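The values are calculated or read from the model by the stated rules, or taken from the named source; none is laboratory data. No experiment lies behind these values; they were computed from the predicted model shown. Don't worry about glycine lacking a Cβ; one is built from the backbone with ideal geometry, like all the others, and counts go over all protein chains shown. Note: areas computed on protein heavy atoms with side chains; ligands, DNA, RNA excluded. Shrake-Rupley method; radii C 1.70, N 1.55, O 1.52, S 1.80 Å.
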Amino acid sequence: MLEADIEACFDQIDHTALLERVRRRIKDQRVLRLISAFLRAGILSEDGVHRETITGTPQGGILSPLLANIALSALDEHFTAAWEAPDARQERYRRRRAGDPVTRLVRYADDFVIMVSGTRQDAETLRDQVSTVLAPIGLRLSDAKTQVRHIDEGFDFLGWHIQRRARRGRVGKRTVYTYPSKRALLSVMQKVRRLTRRRRHRLLGNLIRALNPVLRGWCTYFRHGVSKQTFKYLDHFTFWRTVHWLRKRHGRTRWATVRRRLLPNWKVRDDGIELFRPEQVAVTRYPYRGTTIPTVWTSSAA
């Protein structure tokens, strides 16, 4: 598997190549001129200096994600052509039996991985292949962050750590598990630390209102993976950070009094609102459906 990273994707996209791809679908010259003007509008930095944008799509702009996806659709076209042929399934099966490599691209915006059924050398060869596809649109791979990994080693993608391990309860069987990545966990823990600093909030209710959206959103995103133990860890961390915040806010009050008044039944609540508890989030695993997942772009999903 090739875990790839594009170096400064939003800053390096070639405007000419991008507009050429846009023209394949849009013929209205007024719209094309508007997109061109958007690309050349420049950026006003925090120090008040206006910088021209000769290349790239200004990150943070309302149109930037769409334009970046249009540019990177060159990758999709290159790697999905073999999967869309009428006899693609039989051809992939034949190639596997013959020991030839079979690849599949999984991309979300500028984050993508290329799965390879083959040898490490086959995956290494893909690096040059991807570089060749990206070069006409002005992009290149990051040498430091682009690497070949085996699925047994695991890799991080969109906040998830994906790894093949021995299947629980099935001797000799292996399966792919998805866990919240360590980076994603450290990120949400850092947000909790910032919010539970002593001088950040005056009232417990304000603290709870700030913490709950962060915890609820994070858990909602990761509730479809192997996340139960991670949720328990985050719950324990958040609860005791909040308790320590309470103790500091009432430093002259005995701990027993603080616990009795502010932590009835060990529940953190104030002003009609209660602290969100990640450990209570139900984990619902998605069954593997491969390429049979319907989308709004297929007639079968209508």
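Taking only Cα atoms and a 10 Å spring cutoff, compute GNM fluctuations for the chain and point out the largest among His161, His15, His50.
His50
Can you give me the three principal axis dimensions of the chain from its C-alpha atoms, in Å, biggest first?
Taking the Cα atoms of the chain, the three principal extents are 71, 63, 43 Å.
Could you give the C-alpha radius of gyration of the stretch 144-230 expressed as a fraction of 2.2 N^0.38 Å, taking N as the number of residues it contains?
1.44
At a Förster radius of 35 Å, what calculated FRET efficiency corresponds to the Cβ-Cβ distance of Glu52 and Arg193, to the nearest 0.05?
Between Glu52 and Arg193 the formula returns 0.35.
Where a Cα-Cα gap under 24 Å defines reach, which lysines qualify for Lys248, not counting those fewer than 8 residues away within the same chain?
In chain and number order, the partners are Lys191, Lys267.
Give me the mean projected area, in nm² to one decimal, of the convex hull enclosing the Cα positions of the stretch 103-183.
Over every viewing direction, the Cα hull of the stretch 103-183 projects on average to 6.5 nm².
Which Cα, out of Phe157, Tyr177, Thr253, lies furthest along the positive dipole direction of the chain (beta carbon charges, K/R +1, D/E -1)?
About the Cα centre, the residue reaching furthest to the positive side is Thr253.
Could you give the radius of gyration (one decimal) and Dmax (whole number) of the Cα atoms in the stretch 1-120, in Å?
Considering the stretch 1-120 through its Cα atoms, Rg and Dmax are 18.5, 61 Å.
Once the piece of chain linking Glu91 and Thr16 is laid out straight, how much longer is it, given 0.36 nm per residue of separation minus the C-alpha distance between them?
23.4 nm is the gain from fully extending Glu91 to Thr16.
Points 7 angstrom from Cα along the Cβ direction at Ala166 and His150: gap in nanometres?
The modelled label-to-label distance comes out at 1.6 nm.
Under 5 Å between amide H atoms, partner at least 5 residues away or on a different chain: which partners does Tyr177 have, H built in plane at 1.01 Å?
Gln163, Arg164, Arg165
Can you give the charge dipole size of the chain about its Cα centre, rounded to the nearest 20 debye, using +1 on the beta carbon of Lys and Arg and -1 on the beta carbon of Asp and Glu?
About 2660 debye.
Who wins for biggest fluctuation among Phe239, Phe112, Phe222 in a Gaussian network model of the chain, springs between alpha carbons below 10 Å?
So, out of Phe239, Phe112, Phe222, the one fluctuating most is Phe239.
Under a straight-distance cross-link criterion of Cα-Cα below 15 Å, which aspartates and glutamates are reachable from Lys228, leaving out those fewer than 8 residues away in the same chain?
Glu279
Can you pull the three principal axis extents for the Cα set of the stretch 55-172, in Å, largest first?
Sorted largest first, the three principal extents are 52, 35, 25 Å.
Under 5 Å between amide hydrogens, which residues at least 5 positions from Trp160 or on another chain qualify, with H placed 1.01 Å from N in the peptide plane?
Ser181
Return the subset of Lys173/Lys232; Lys27/Lys145; Lys145/Lys182 for which the Cα-Cα distance in this structure is over 29 Å, preserving the input order.
Going by Cα-Cα distance, Lys27/Lys145 fall outside the 29 Å limit.
What FRET efficiency would be calculated for the residue pair His244, Arg202, taking the C-beta separation as r and a Förster radius of 25 Å, to the nearest 0.05?
Efficiency, from the Cβ-Cβ distance: 0.90.
Hey, can you find the accessible area per residue of the stretch 115-215 for me, probe 1.4 Å, expressed in square angstrom?
Result: 63 Å² per residue.
Which residues in the stretch 30-74 place their backbone N less than 15 Å from a point set 7 Å from the Cα of Met115 along the Cα-to-Cβ direction?
none
Out of the total accessible area of the chain (probe 1.4 Å, heavy atoms of protein only), what percent is carbon and sulfur?
So the carbon and sulfur contribution to the accessible surface is 50 percent.
Kindly identify the stretch 1-55 as rounded, prolate or oblate by the Cα gyration tensor criterion: order the square roots of the eigenvalues as a ≥ b ≥ c, call it rounded if a/c is under 1.5, otherwise compare a/b with b/c, prolate if a/b is larger, else oblate.
oblate
Please work out the average accessible area per residue across the stretch 1-92, using the 1.4 Å probe convention, and give it in Å².
63 Å²
Please compute the contact order of the chain in relative form: average sequence separation of alpha-carbon pairs under 8 Å and at least six residues apart, divided by the residue count, as a percent.
Worked out over the chain, it gives 16 percent.
What does the extension gain come out to for His236 and Gln29, with contour length at 0.36 nm per residue minus their alpha carbon separation?
Gain in length upon complete extension: 68.8 nm.
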